[in-house]
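To start, the structure itself, in C-alpha cells.
Coordinate-derived values only; no laboratory data. Because the structure is predicted, anything quoted here is derived from the model rather than measured. Neighbour counts run over all protein chains shown; Cβ positions are idealised from the backbone, glycine included.
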Amino acid sequence: TVEVVLTENQTVLELLQTVAVVETQPADGFVLVTAIDGVVGKRGEMAWYYFIDGESAKESAYTRVLHNEKHIKWVYKKDMCSVMVDGKPSPTTE
C-alpha cells in the first residue's frame with residue numbers, strides 16, 4: 001500500500017508511475033500496463049487491472065483522468081481482456 005497526493009487532472013497511469021516502475025505497450029488504440037515493478041503480465045494468462053474506489057475500471061489507465069477519487073488499487077490476475085483488444089485467442093485456446 002502506498003499513499004500519494006493526487007495532482008488534479010492526473011491519469012491513473014501517471015499516478016502509478018510516481019510510485020512504481022511501469023512498463024506499457026500500445027495495442028489497438030489502447031496503452032496497456034504490461035509490468036509493474038518487474039512483475040510482467042503474460043498475454044492470455046495474467047495481467048494488471050485497476051479498481052477505483054472499489055469499482056472495476058471501465059477505461060484505460062492511460063486515459064482515465066482522476067479528480068476526487070480516494071483509492072486506486074492495482075491487482076495482478078487472470079487476463080480476461082487481451083482477446084478483446086487484439087482479437088487473438090489466448091495461448092491456452094490456440
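Yes or no, residue by residue, for (1) surrounded by 13 or more Cβ atoms within 10 Å (Cβ to Cβ); (2) farther than 14 Å from CYS81 by Cβ:
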{"site": "ALA20", "(1), (2)": "yes, yes"}
{"site": "GLU23", "(1), (2)": "yes, yes"}
{"site": "PRO26", "(1), (2)": "no, yes"}
{"site": "LEU32", "(1), (2)": "yes, no"}
{"site": "LYS42", "(1), (2)": "no, no"}
{"site": "ALA47", "(1), (2)": "yes, no"}
{"site": "GLU55", "(1), (2)": "no, yes"}
{"site": "LEU66", "(1), (2)": "yes, yes"}
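List every residue pair whose Cβ atoms lie under 7 Å apart, where the two residues are 6 or more positions apart in sequence or sit on different chains, the first residue falls within segment 29-57 and is basic (Lys, Arg), and the second residue, located anywhere, is outside any loop (DSSP other than H, G, I, E, B).
From residues that are basic (Lys, Arg), the pairs are ARG43/SER82.
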